1. Rank these residues by their accessible area, most exposed first, probe 1.4 Å: 397, 13.
2. Pick out, from 238, 188, 422, the residue whose Cα sits farthest towards the positive end of the charge dipole of the chain, with +1 on the Cβ of Lys and Arg and -1 on the Cβ of Asp and Glu.
3. Please report the Cα spread of segment 51-108 along all three principal axes, rounded to whole Å, starting with the longest.
4. Helix 21-54: angle to the longest alpha-carbon principal axis of the chain, degrees 0 to 90, nearest 10?
5. Find the centroid of the Cα atoms in segment 395-420 and in segment 49-101, then give the distance between the two in whole Å.
6. Given charges of +1 on the Cβ of Lys and Arg and -1 on the Cβ of Asp and Glu, with all other atoms neutral, how large is the dipole of the chain about its Cα centre, in debye to the nearest 20?
7. Calculate how large, on average over all directions, the projected area of the Cα convex hull of segment 1-158 is; give the answer in nm² to one decimal.
8. What lysines could a cross-link reach from residue 62, if we take a straight Cα to Cα line under 25 Å and drop same-chain neighbours fewer than 8 places away?
Amino acid sequence: MVLDADARSIAARLDRLPVTRWHWMLIVVVGLGTFFDLYEVFLGGVLGTVLTEQWHLGTNGKSLVIASGFAGMFVGAIGLGLAADRFGRRRMFLVNLGLYSLLSLLTAFAPDLGMFLVLRFLGGLALGAELTLVDTYVSEFMPRGGRGRYLAWAYTIGFCGVPVAAFLGGRFVAGRHLLIDGWRWLLVVGALGALIVWVLRGRLPESPRWLVAQGRTAEADEIVARVEATVDGPLPPVAAEPDTDAPAARVGLAEMFAGEYRRRTVMLWIFQVLQTVGYYGFGSLAPVVLHAKGFDVVQSLGYAALSFVGYPVGSALSIPIIERVERKTLIIGSALVMAASGLVFGYARDTALIVAGGFVLTCASNVFSNAFHSYQAEIFPTGIRSSAISIAYSLSRATSAVLPFVALHALQNLGAGAVFTGSAVVLVLLCVDVAVLGPRSTGRSLEKAARPADGEPERPVDGASA
């Protein structure tokens, strides 16, 4: 549909704004939500290591503990991602985190493995679209020159959840605390923290870009006016260039497979399957790999926690460079560092070298992660943005659910070195996929990055390298 001049100006008004305390409040609240998603993701490896001893699990049982949450996330990423394009970003933000809080608390009191697996699946389902909702929501609010940088700030807050999961695991797994098993407290902490963030998220507004795509221009104008009122001093002028103010439009899901978007969809689907092996594969399996190298449970969680400090550190390191380097270039470079440091982690026997390899891998992982989370939110139009990236992202969750069964058997039969050699090969294939099929996006308005003219060559943007 063709939108009127007021509707077309919404994106330009958002892009011209300086970042205010209101924007920072949004980043913090959204980032705290990612904390619990990432805490939950990497908690699987902690619980798999702990429950193997407490419930005497074999390789398949350990794999089920790790995979159950990811299987739920696969379903949730599709369902809630589609719902976010239909019912709004804000509403799904509240639904997913509220349900996760309840289900995580119930999982803490699961009496046996069967009930534990069911509740972990349902908790994963509730949280499945969290990260793609974050990508969509933050990208639609932040001005064009800082989308990647401020999304990286949100993820830096969130990635603190990864070492916290491992450190808390190392602290609580041994023995009982206040009459319940220590591992159950890890789930209680996640549930109560998520509930607090759910309350804070109730204050967030709906995305004006989504409202415009639904034809609700007056509501979008009201929200943008409230944000503009937080700016101290005169407002900057609205950009007049037509390429920064392309009209949003309601589009069908079939648009993912039409014209330019078909190439982007194929690229992102391949990417999400491959990135899982190199990224989530390490985080969810690191404690298990360390245990297989001969360390006891507490030592494994402690060394994993030291390696996991690289997640927030790497995320913070990405902030000053993410707008200076073209997204696809940054994705490829960081993936190659992940492949090399993974080989060090897999083959090393010396403790210091193992931890160093893990730390470098996790640092590179979150330069990689922040780059691709910004990237995937920029290459589809508003009407299908959440659906397109959530469907693609669900493939990473499906791969994560299958990965423990493959990786743990490979670890048992072939050793850690073979597992990380396979991971390195997969990451190289990922680089080829992005290099050949991926468009450029850095520094463009969200509308322009999402909707290039047919046949238009993708070109470097001022301030970004090729």
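1. Solvent-accessible surface, decreasing: 13, 397.
2. 188
3. Projected onto the principal axes, the Cα atoms of segment 51-108 cover 44, 21, 9 Å.
4. 20
5. 19
6. Computed about the Cα centre, the dipole is about 440 debye.
7. Mean shadow area of the hull around the Cα atoms is 10.8 nm².
8. In chain and number order, the partners are 293.
The values are calculated or read from the model by the stated rules, or taken from the named source; none is laboratory data. Since the structure is predicted, the reported quantities are computational estimates derived from the model, not experimental observations. For neighbour counting, all protein chains shown are included, and Cβ atoms are generated from backbone atoms with ideal geometry for every residue, glycine included. Each accessible area value is taken on the protein alone, full model and side chains, heavy atoms only, with ligands, DNA and RNA left out. Shrake-Rupley method; radii C 1.70, N 1.55, O 1.52, S 1.80 Å.
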